[in-house]
Amino acid sequence: MEALTNLFNQTVIDGTSITFISACATLFSAIIFGLIISVTYMITTNEVVPNRNFVMSLVLIPAVMGLVILLVGNNLVRVFSLAGTVSLIRYRSVPGDPKDIAYILLCAAAGLAAGIGFYLYGALGVVLLCVLMILLNKFNFASSFEAQKILKVTIPEDLDYQGLLDDLFKEYTTASVMSRVRTTDLGSLYEVMYSIKMKKDVNEKDFIDAVRCRNGNLTVTLALAPTEYGA
């Protein structure tokens, strides 16, 4: 009984006071913050099937951050020890896009708010920023910036690939740049790669069919260009 009573008493460690109730409040609030952020991520992600491991990580990060802040407190020795420990960790995950990184930073901030006991401010920040992300996603903010795509066209060696598709690019794209040319099939074919930005409301099938008419119905590939944040 005495041990149970001591559990709820205030514990002072190096000038930092911690109670069982405050620890529970920190963890529960951080978990709730993480759940709200993870649900927002699932609503706003561009992935057809959200990465389950990443979603679970968004739930855990605020709780872990809150617990760390709760235990470290204002002790500088423990702060530097924590920094040294974290520096030994190697992250081997595939880099995410900038929006994923923003969600991770939001989780860290939520955990920090919970760890130092600013539950109301943490809740306010999480709710407002999550609502903002949902609204930006719903109204397709910055959607006018068309995604860059890669066009690969196989061209017979008897055709001059320079200027072959210029009129099609004017009709279907807003920008086009030839980025690479190489020979294939023992030099009998050229594989020409273009970086392009499609016009809004353009039918990609019509564009590909028009290109096929120019290259003798050989292989045509149209794909999203990898970003600098990707693998």
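The values are calculated or read from the model by the stated rules, or taken from the named source; none is laboratory data. Values in this document were obtained by computation on a predicted structure and should not be read as measured data. Glycine gets a Cβ as well: all are built from the backbone with ideal geometry, and neighbour counts include every protein chain shown.
Observations
- Criterion applied to Y190, Y103, Y121 was being among the aromatic types (F, W, Y) and not in a helix (DSSP H, G or I), and the one residue passing it is Y190.
- Residue among S143, S188 that is under 30 Å from V59 (Cα atoms), modelled with pLDDT under 90 and either among the small types (G, A, S) or over 23 Å from the mean Cα position of the chain (by Cα) (or both): S143
- Selection count, region 7-48, where residues are at pLDDT 80 or above and on the phi > 0 side of the Ramachandran plot: 0
Listed here are the residues, each with its yes/no results for (1) among the polar types (S, T, N, Q); (2) modelled with pLDDT under 90.
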residue	(1), (2)
Y172	no, no
V181	no, no
M193	no, no
F207	no, no
N217	yes, no
L224	no, yes
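- The lone exception for V49 - which of (1) in contact (Cβ under 8 Å) with a residue 40 or more places away in the chain; (2) of a type in the set (A, V, I, L, M); (3) farther than 16 Å from A109 by Cβ it fails: (1)
- F139 vs. criteria among the aromatic types (F, W, Y), surrounded by 11 or more Cβ atoms within 10 Å (Cβ to Cβ) and without any contact (Cβ under 8 Å) to a residue 40 or more places away in the chain: no
- Extreme residue, farthest from A223 (Cα to Cα), among residues of region 171-207 that are among the basic types (K, R) and surrounded by fewer than 11 Cβ atoms within 10 Å (Cβ to Cβ): R182
- Residue within region 34-47 that is in contact with a Ser or Thr (Cβ under 7 Å, 6 or more places away or on another chain) and not acidic (D, E) present: no
- From the list Y194, Y103, the lone residue that is among the aromatic types (F, W, Y), in contact with a Phe, Trp or Tyr (Cβ under 9 Å, 6 or more places away or on another chain) and assigned by TED's automatic domain parsing to the domain that holds A63 is Y103.
- Every residue from region 166-213 that is within 12 Å of T154 (Cα to Cα), aliphatic (A, V, I, L, M) and in contact (Cβ under 8 Å) with a residue 40 or more places away in the chain: V192, M193, V211
- Only one of I36, I43, I32, I61 that is surrounded by fewer than 16 Cβ atoms within 10 Å (Cβ to Cβ) and not polar (S, T, N, Q): I43
- Residues in region 146-163 that are surrounded by fewer than 16 Cβ atoms within 10 Å (Cβ to Cβ) and in a loop (DSSP other than H, G, I, E, B): E146, A147, E157, D158, L159, D160, Q162, G163.
- Whenever a residue of region 56-70 is more than 11 Å from L112 (Cβ to Cβ) and in the same structural domain as S22 (by TED's automatic domain parsing), its partners that are of a type in the set (S, T, N, Q) and at pLDDT 85 or above, lying with C-beta atoms within less than 6 angstrom and at least six residues away or across chains, give the pairs L58/S38; V59/S38.
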